[in-house]
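Following: one structure in structure tokens, then a few remarks.
The values are calculated or read from the model by the stated rules, or taken from the named source; none is laboratory data. All values derive from a computational prediction rather than experimental measurement. No Cβ is skipped: glycine too gets one built from the backbone with ideal geometry, and neighbour counts run over all protein chains shown.
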Protein chains: 2
Amino acid sequence: MRPSSATVIPKACSRRTLPHYSQRPVSVTIRAPLLRSRPPIHTSTSCCPSFVTVALAPSRPSTRLDLFSSHLSLPKPSLELNTPFSTERSAVLEDETGNIIRKQRAEASIARAKEARKVQIEAQEPTKMSTQPAHPALMIPGPIEFDDAVLQQMSHYSESHVGQPFVNVFGEVLTNLRKLFQTTDPASQPFVISGSGTLGWDQVAANVCEPGDEALVLTTGYFSDSFADCLETYGVKTTQLKAPVGDRPQLDEIEKALKEKKYKIITITHVDTSTGVLSELKAVSDLVHRVSPDTLVCVDGVCSVGSEEIRFDEWKLDVVLTASQKAIGCPAGLSIVMASGKAIEVFKARKTRPMSYFGSWKNWLPIMQNYEAKKASYFATPSPQLVRALHTSLSQILSRPLEQRFADHKAASQRVKKALADIGLKCVAGKPENQANGMTAIYLPDGISPPDVLPSLMKKGIIFAGGLHKEIASKYVRFGHMGVSVTDPNRKDIEKAIEALKESLTEVGYKC
Amino acid sequence: MRPSSATVIPKACSRRTLPHYSQRPVSVTIRAPLLRSRPPIHTSTSCCPSFVTVALAPSRPSTRLDLFSSHLSLPKPSLELNTPFSTERSAVLEDETGNIIRKQRAEASIARAKEARKVQIEAQEPTKMSTQPAHPALMIPGPIEFDDAVLQQMSHYSESHVGQPFVNVFGEVLTNLRKLFQTTDPASQPFVISGSGTLGWDQVAANVCEPGDEALVLTTGYFSDSFADCLETYGVKTTQLKAPVGDRPQLDEIEKALKEKKYKIITITHVDTSTGVLSELKAVSDLVHRVSPDTLVCVDGVCSVGSEEIRFDEWKLDVVLTASQKAIGCPAGLSIVMASGKAIEVFKARKTRPMSYFGSWKNWLPIMQNYEAKKASYFATPSPQLVRALHTSLSQILSRPLEQRFADHKAASQRVKKALADIGLKCVAGKPENQANGMTAIYLPDGISPPDVLPSLMKKGIIFAGGLHKEIASKYVRFGHMGVSVTDPNRKDIEKAIEALKESLTEVGYKC
């Protein structure tokens, strides 16, 4: 069974206790699926005595989450776990099960992979960049390459988190975030909290939602799915509107779903980092405001803020959450959220207390308002170094028109997509309108898997990410093109990455 | 009404909805209270149109938490809020109400404070330290001064969070944390997650506890109280065993409390940063294991790990949580937790799912185990720069015997305490056995408040923290003596701080 169209999957709060939850497809328009006709993928950990084999049917969207939920029931639960990113390092596991690899190439592929494992995971020909030590260009969809001035702020001498110099910097960061999100409504509220992008999901679940609330989750990959899992942790009932891998739920499907039930929130993953699929944010928000105006529009912008256009006020968004380490161009460690006045009102009107302490807006709202008013305030200690680095990266971004920034990212993305098409490679996001501008998920040619090319790319000074979406993990790589790699004319990261990819593919027998 | 002994205060989960919760003192041994006979403190925000006055009776331990809970019910909830640390900048408010200041000194004090507010909050005579730019010495109880090599790691070039070089570093960090906590039990489990120390409370509340569980909270200041607030957020029923300001609950009181009810956990704030009170960790843990062996011993070590001796295995501790920016000597931004095998077993046996997503051990346990096994793994993006900085600081700490480190901190603390006594100043933690070794909370002479000395200290290149404990906020300052300021023989931070304090007090008429 393979999804041939978007599928509505209600999830019960008790999902964790069930091995698999039921699927209830709705009758929606069937579009051409991007999934190829391939057998189910079997992954296994061949290196461990207790052999774990998990059959992943492509039609079962949350097998990866089920894996998570079964961690603790395994005899040695964790060390055996093949968590998503480990496919970057051990995707050879998929090769060794032999699926989808043409026989005549399978052996060669395995041999290459074994050889690759011997390769020192260090750049052999590192490139000197700016004033940073020579290092391979980090062309994954976050963390990205950082500007020298941003990194310099990271080693700022120690200062008090309630001292006026730092308070002023933090205040400016919050004000500048308003500009980045293009909101001038004073009721909008930015939050910057130590954490990762994931903490933004908790903030939505714990502050905007209350237990028993309904959420419509538009699913375009691994991260959308995980957002749903987070919501359920807080007792929110989620309904996932899933698209086939590489596609996104369509407006008519979303409209139908919105009319079936009253949803407290709808979540949209603007760019799902696992697939590079871009959601049509403005159109979905317009639809929500027409069909279900009380529903809050909550956007996961972790892989989009700074590289994709977002007009917070104009598009009537309610929450956009992101992280520091992607197109914003600041090292990882900060959860960044913009909430609308409406979202804050809903938060204030909640009947139950926020279901988190560290992520509670009740604790953070006055602190953020005080910081922005340049007034010292304390709930939990922020990271002065990270906030200073964010201040520098935001100042750099805002020193040029945002329109130009988005146009630059679009142009770079087009160059990447054209170069890939020229050598016969396909994007996971198959339709041009579905394609993110800050990253590209690239299907490798049949018979070539990530371990065949990633070490070779590394030797050429380029780091790509392996696959993350379980259904296709061994078949694709991910290429991030965001931030200074796009906007700094002195950097040739993107062109170098394209050339390195061509060379690596040629080395393993593919004719570019 | 003033507490003349430790008081047991049951808190209902619905406490938030009540303006004040009831106090039910138990008959325990009465000891000499440290509180002086002073009228209630009144704080007010004189700078705002809507004047907020909060009467704080010393006998009401959670007025500060009540303030938090009432944020949103205020007309302009946040900007008016006098959050704890703002007393560092606006403690003059307390002066203007005139309490406890001798009449003949009050006017002079106010005049000085007004003048102080004009002072540029920048060092006038900055000191060059090591290779860092000249800056005032940060002698607050965290963040502390950092070593050059640690700060340099903060600006490490960007790298993949699942790349082998970083995975190796993260793995070593986890292994080194075992050494710092003095645990060799392989069942112990370290966690390092982007966040602040506060996130450690959430980790305990969301993973170790389940809704309805009972927690005995030993309260020695603001942070103990907040830990209780965090636990209640997750539905845990807390009973606070409170000591008068500057004291700690005594063993006989704790034993009595433990025998009255079966507690899932007991929480101990090893050093409460608001008071500098040191808890007797080993003795309390021994008591718990004798009287209530199923109760898990959970320690807030935010202001103690790295400066106070902690023997995780030997003392049979179950959770010790801390943060990066204090005695560990790494910039803020990391929540660090060590859990015992018993705590992990309790976690695995829970009947309900963890009540957090970002802070869930279900999500993080396999990741930490994989990292320590030098295997790439992903749940949420860590901060490579912060983890590398932590790696460097831990390597520095472990390059010398831990016993020597703790002895150095004790010796430095004794120098500080003796110097203070020599000039007639008293510690908030009045009894020698109650006094932390990494910080000192210092009562200022009568009639002198933090705004009288903090700007003057700043001009001399020394940053102290203002008061944090609401009951005494305008009467004391806090002096951190941890990390490189103690262990680096080239630094004279502590001596300089003592001299600067003497000079500043002399300037405002105090005879040292």
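Numbers below:
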| item | result |
| --- | --- |
| Total residues in segment B:231-242, condition assigned to a strand (DSSP E or B) and charged (D, E, K, R) | 2 |
| Filter pass, A:Ala228 being in contact (Cβ under 8 Å) with a residue 24 or more places away in the chain and part of a strand (DSSP E or B) | no |
| Some residue of segment B:489-508 being touching an Asp or Glu at 6+ places or on another chain (Cβ under 8 Å), crowded, with 17+ Cβ neighbours inside 10 Å and modelled with pLDDT under 95 | yes |
| Residue within segment A:323-334 that is within 14 Å of chain B (Cβ to nearest Cβ), farther than 29 Å from B:Ser335 by Cα and either at pLDDT below 95 or part of a loop (DSSP other than H, G, I, E, B) (or both) present | no |
| Unmet criterion (only one of (1) surrounded by 24 or more Cβ atoms within 10 Å (Cβ to Cβ); (2) in contact with a helix residue (DSSP H, G or I) (Cβ under 6 Å, 6 or more places away or on another chain)) for A:Glu471 | (2) |
| Residue selected from segment B:347-360 under the condition among the hydrophobic types (A, V, I, L, M, F, W, C) and within 9 Å of chain A (Cβ to nearest Cβ), by the criterion nearest to the chain's Cα centre (by Cα) | B:Phe358 |
| Meets criteria (in contact with a strand residue (DSSP E or B) (Cβ under 9 Å, 6 or more places away or on another chain), crowded, with 24+ Cβ neighbours inside 10 Å and within 18 Å of A:Ile193 (Cβ to Cβ)) for B:Leu390 | no |
| Any chance B:Arg117 is surrounded by fewer than 15 Cβ atoms within 10 Å (Cβ to Cβ), within 14 Å of chain A (Cβ to nearest Cβ), modelled with pLDDT under 95 and outside any loop (DSSP other than H, G, I, E, B) | yes |
| Residue in segment B:452-468 that is surrounded by 23 or more Cβ atoms within 10 Å (Cβ to Cβ), more than 21 Å from A:Glu159 (Cβ to Cβ) and among the aliphatic types (A, V, I, L, M) present | no |
| Residue within segment A:225-234 that is in contact with a strand residue (DSSP E or B) (Cβ under 8 Å, 6 or more places away or on another chain) and away from chain B (no Cβ under 14 Å) present | no |
| Residue under evaluation B:Thr381, criteria (1) closer than 29 Å to B:Thr275 by Cα; (2) in a loop (DSSP other than H, G, I, E, B), criterion not met | (1) |
| Subset tally (residues that are among the hydrophobic types (A, V, I, L, M, F, W, C) and either modelled with pLDDT under 95 or closer than 22 Å to A:Ala205 by Cβ (or both)) for segment A:244-301 | 14 |
| So B:Ala215, is it more than 18 Å from the chain's Cα centre (by Cα), among the hydrophobic types (A, V, I, L, M, F, W, C) and crowded, with 20+ Cβ neighbours inside 10 Å | yes |
| Given (1) basic (Lys, Arg); (2) touching a residue at least 24 places away in the same chain (Cβ under 8 Å); (3) not in a loop (DSSP other than H, G, I, E, B), number of the condition B:Lys418 does not satisfy | (2) |
| Enumeration of residues in segment B:376-408 that are without any contact (Cβ under 8 Å) to a residue 40 or more places away in the chain and within 12 Å of chain A (Cβ to nearest Cβ) | B:Phe379 |
| Residue within segment B:478-496 that is in contact with a Phe, Trp or Tyr (Cβ under 7 Å, 6 or more places away or on another chain) and either closer than 23 Å to B:Pro244 by Cβ or in the same structural domain as B:Pro331 (by the TED database) (or both) present | yes |
| Exclusive hit being in a loop (DSSP other than H, G, I, E, B) and either modelled with pLDDT of 95 or more or under 24 Å from A:Ser324 (Cβ atoms) (or both), set A:Pro445, A:Pro451 | A:Pro445 |
| Count of residues meeting criterion [hydrophobic (A, V, I, L, M, F, W, C) and either outside any helix (DSSP H, G or I) or more than 14 Å from chain A (Cβ to nearest Cβ) (or both)] in segment B:454-476 | 6 |
| Filtered residue count, segment A:195-207, keeping only those that are within 8 Å of chain B (Cβ to nearest Cβ) and out of contact with any strand residue (DSSP E or B) (no Cβ under 6 Å at 6 or more places or on another chain) | 4 |
| When residues of segment A:335-346 are limited to those that are of a type in the set (A, V, I, L, M, F, W, C) and surrounded by fewer than 24 Cβ atoms within 10 Å (Cβ to Cβ), the one nearest to the other protein chains (Cβ to nearest Cβ) | A:Ile344 |
| Residues that are more than 7 Å from chain B (Cβ to nearest Cβ), surrounded by fewer than 24 Cβ atoms within 10 Å (Cβ to Cβ) and in a loop (DSSP other than H, G, I, E, B), drawn from segment A:136-155 | A:Asp147 |
| Test: A:Leu394 is within 30 Å of B:Gln325 (Cβ to Cβ) and either in contact with a Cys (Cβ under 7 Å, 6 or more places away or on another chain) or not in a helix (DSSP H, G or I) (or both) | no |
| Every residue from segment A:126-168 that is under 30 Å from B:Arg478 (Cβ atoms) and acidic (Asp, Glu) | A:Glu159 |
| Matching option when the condition is touching a residue at least 40 places away in the same chain (Cβ under 8 Å) and within 21 Å of the chain's Cα centre (by Cα), among A:Gly467, A:Gly447, A:Gly461 | A:Gly467 |
| Number of the exception - A:Val192 against (1) in contact (Cβ under 8 Å) with a residue 40 or more places away in the chain; (2) at negative phi; (3) buried (at least 24 other Cβ atoms within 10 Å of the Cβ); (4) under 19 Å from the mean Cα position of the chain (by Cα) | (3) |
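Residue by residue, here is whether (1) assigned to a strand (DSSP E or B); (2) in contact with a Phe, Trp or Tyr (Cβ under 9 Å, 6 or more places away or on another chain); (3) of a type in the set (D, E, K, R); (4) outside the structural domain of B:Lys362 (by the TED database) holds:
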{"residue": "B:Ala215", "(1), (2), (3), (4)": "yes, yes, no, no"}
{"residue": "B:Pro244", "(1), (2), (3), (4)": "no, no, no, no"}
{"residue": "B:Pro249", "(1), (2), (3), (4)": "no, no, no, no"}
{"residue": "B:Ala257", "(1), (2), (3), (4)": "no, yes, no, no"}
{"residue": "B:Thr275", "(1), (2), (3), (4)": "no, yes, no, no"}
{"residue": "B:Val297", "(1), (2), (3), (4)": "yes, yes, no, no"}
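Matching residues to (1) closer than 28 Å to B:Thr352 by Cβ; (2) buried (at least 21 other Cβ atoms within 10 Å of the Cβ):
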{"residue": "B:Tyr234", "(1), (2)": "yes, yes"}
{"residue": "B:Leu241", "(1), (2)": "yes, yes"}
{"residue": "B:Gly246", "(1), (2)": "no, yes"}
{"residue": "B:Glu253", "(1), (2)": "no, yes"}
{"residue": "B:Leu258", "(1), (2)": "yes, no"}
{"residue": "B:Thr275", "(1), (2)": "no, yes"}
{"residue": "B:Leu281", "(1), (2)": "no, yes"}
